[in-house]
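Written out below as structure tokens is the structure these notes cover.
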Amino acid sequence: MTVTTPHRVEFISDRLAQWAQAKPDEEAISYGDRQWSWAELHERVTRVAGGLAGLGLGRGDRVAFLDKNNPACLEVSFGAGLLGAVNAVVNWRLAGDELDYVINDSGATVLFVGAELLPAIEAIRAKLSNVEQVVVVGGDDDGYEAFVAGAEPAERLPEVSPDDLWLVMYSSGTTGRPKGVMLSHRNIVTHTENVGPALPFESGDRNLVAMPLFHVGGTCYALFGIHAGVPSTMTREPDPASLFAAFAAGVTHAFLVPAVISAVFAAGEKAVAALSGLKYLIYGAAPMPLPLLRKALSAWPRMNLIQVYGQTELAGVITTLDPAAHRDDARPERLASAGTLVPGAEMRVVDPATGHDVAGGEAGELWFRSPQRMLGYLNRPEATAETIVEDGWLRTGDIGHVDDGGFVFVSDRIRDMIITGGENVYSPEVEQALAAHPAVAEVAVIGVPDDHWGESIKAYVALLPGQTAEADELLAFTRERLAGYKCPRTVELIEALPRNPSGKILKRELRKPFWEGRERQV
């Protein structure tokens, strides 16, 4: 029997209240050795709301949450939302001045911080200009549990609107300081209801929440289980021990990034077998190399694989590649696509230079319009105006095209497109070709200055542990698979690619030595 949601909601917290009434004693979430029923989770959320109100917080006020995955983060988000207040979920991997920058930028007056990360906050406490109170989550002196226990429950304030700001999720900052993406209750509810049917839950199913909650792939994915009324297992980190314990406990739905899936195959047959009980494996947030995807399809023939593509600015997912398309032998090229639009979304493919739509099948910048679209960037009106343009369209900065069936193919980021000898080369195509080499772990392809061609193609390659390959061998490998103008001129072997705190590859760090001091900066 499929789990049903009998009425539409304007706030996800309404769904939580619904399950607390309909099945109060059934499990809502587990975390380590702790479990919460729907009634317990709902009561804790109302107590968080009461505790925040007791501190003087109300509609429009901000809190921030800094910790590895913990159900307390969801409780704070829901509790703040009942007051019309806002939770800014901070990337716990940030360090140095980026951490105090984000907390200050959020405007949070109350900071919830995991005991494990408290030393980082103590080191910058004097720089946190807005924070009036710090509440420690976990550890020997768990201030958060005392905060919850000591508060009187509070229901949602009548003046709170679905269009009120609810969550601030910070972008990865691959090109500069992280930007706070402002998401309303309506943005999040619309996303949950638009994408949820693509990964249906049934009675007896269990959702795995393993990706970081500071990312939409963590928080917004966690809401699918709450919306559907099925129990969720949350792991503090997506480490092998935690993941395999969750698989052994019977999770049926999981969202994992390709790097984690690659690590599963690297861990051997037992690890691969551990995932075989999944009904749905959702993957995204980074491109899945085709060799790895084909390996997954072969290893798990009865599993439903779903690729998702989107952005934080769209509250998460805007296209999905469904299980049938993954195994469509008649259109195998669609395995490289990002799928089709979620309900209620519109798309344009636009020439970024002219702003005009391109002809069908041609490449251009992907623009989307949907109620999922963010309110804007916190404290960044100019960046908001550059991203949200006329008639509410959101510019993604991604280059792609659409085929005759409405399948979206994402080629590159605009700034990552390489123009060599007048030809456009999309770095992911070159990266996919190199990634097919059995010794290659990961690849990043960039354009470097070339006095003759304008740019030439350079590849940075990290090899799998225990594997060897020479640069000339890798160059020859790509020449067998790509047109000559798309092949790298040089390949450089490195131990690991530079990444930002969210795990995204920092191509700007690879480009910097080549473009520094030049008038043109790619």
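Couple of notes before you dig in:
- Dipole magnitude for segment 424-515: about 360 debye, using +1 per Lys or Arg Cβ and -1 per Asp or Glu Cβ, origin at the Cα centre.
- For residue 24, net neighbour charge (Lys/Arg +1, Asp/Glu -1) across residues whose Cβ lies under 10 Å away: -3
- Across 458/507; 270/295; 68/179; 179/504, pairs whose alpha-carbon gap is larger than 18 Å: 68/179
- Projecting the Cα atoms of 243, 232, 396 onto the dipole axis of the chain, where Lys and Arg carry +1 and Asp and Glu carry -1 at the beta carbon, places 243 farthest toward the positive end.
- Cleavage-rule hits (GluC sites (Glu not before Pro)) in segment 254-363: DSSP loop, at most 15 neighbouring Cβ within 10 angstrom: 362
- Check: the chain dipole with +1 on Lys, Arg Cβ and -1 on Asp, Glu Cβ, in debye: 400
- Note on segment 142-207 and segment 36-88: Cα centroid distance 10 Å, given to the nearest whole angstrom.
- Segment 424-515 shape via C-alpha gyration tensor axes, a/c threshold 1.5: oblate
- Local electrostatic count, residue 292, Cβ distance below 15 Å [Lys/Arg +1, Asp/Glu -1]: 0
- Partner aspartates and glutamates whose Cα lies under 17 Å from the Cα of residue 127, excluding those fewer than 8 positions away in the same chain, are identified as 97, 98, 100, 105.
- Prolate is the label for segment 186-285, because the ratio a/c of its alpha-carbon gyration tensor axes (a ≥ b ≥ c) is 1.5 or higher and a/b is greater than b/c.
- At R0 = 45 Å, FRET efficiency that the Cβ-Cβ distance of residue 414 and residue 140 yields, to 0.05: 0.35
- For the pair residue 265 and residue 382, the difference between a 0.36 nm per residue extended length and the Cα-Cα distance amounts to 37.7 nm.
- Label point 7 Å beyond Cα of residue 473 along Cβ direction - residues of segment 273-291 with amide nitrogen under 20 Å: 291
- Over all other residues within a Cβ to Cβ distance under 11 Å of residue 279, the charged ones net out to 0, with Lys and Arg as +1 and Asp and Glu as -1.
- Phi-derived couplings, Karplus 6.51 cos²θ - 1.76 cosθ + 1.60 at θ = phi - 60°, listed residue by residue for segment 268-277: x, 4, 5, 5, 4, 5, 5, 8, 5, x Hz, with x used for Gly and Pro.
- With contacts taken as Cα pairs under 8 Å and at least 6 residues apart, the chain reaches a relative contact order of 11 percent.
- Leading residue at positive end of dipole, the chain (Cβ point charges), from 304, 439, 321: 439
- FRET efficiency estimate (nearest 0.05) - Cβ-Cβ, residue 390 to residue 127, R0 41 angstrom: 0.55
- With 10 Å bins from 0: P(r) over segment 54-158, alpha-carbon pairs, percent: 15, 51, 30, 4, 0
- The H on the amide N of residue 493, modeled in the peptide plane, is under 5 Å from the matching H of 461, each at least 5 residues off or on a different chain.
- Long-range amide H partners of residue 232 with built H, under 5 Å: 29, 30, 207
- Dipole magnitude for segment 12-323: computed about the Cα centre from +1 point charges on Lys and Arg Cβ and -1 point charges on Asp and Glu Cβ, it is near 1000 debye.
- The aspartates and glutamates whose alpha-carbon is closer than 16 Å to the alpha-carbon of residue 23, local same-chain residues fewer than 8 away aside, are 14, 40, 43, 202, 205.
- Mean ellipticity per residue at 222 nm, deg cm²/dmol - from DSSP H runs of n ≥ 4 across the chain, formula -39500 (n - 2.57): -9000 deg cm²/dmol
- If you take the Cα centroid of segment 441-488 and the Cα centroid of segment 266-308, the two points sit 27 Å apart.
Readers should treat all values here as calculations from the given coordinates under stated rules, not as data from a laboratory. Predicted, not measured: the structure shown is a model, and the values here were computed from it. Here Cβ is always computed from backbone atoms with ideal geometry, including for glycine, and neighbour counts include all displayed protein chains.
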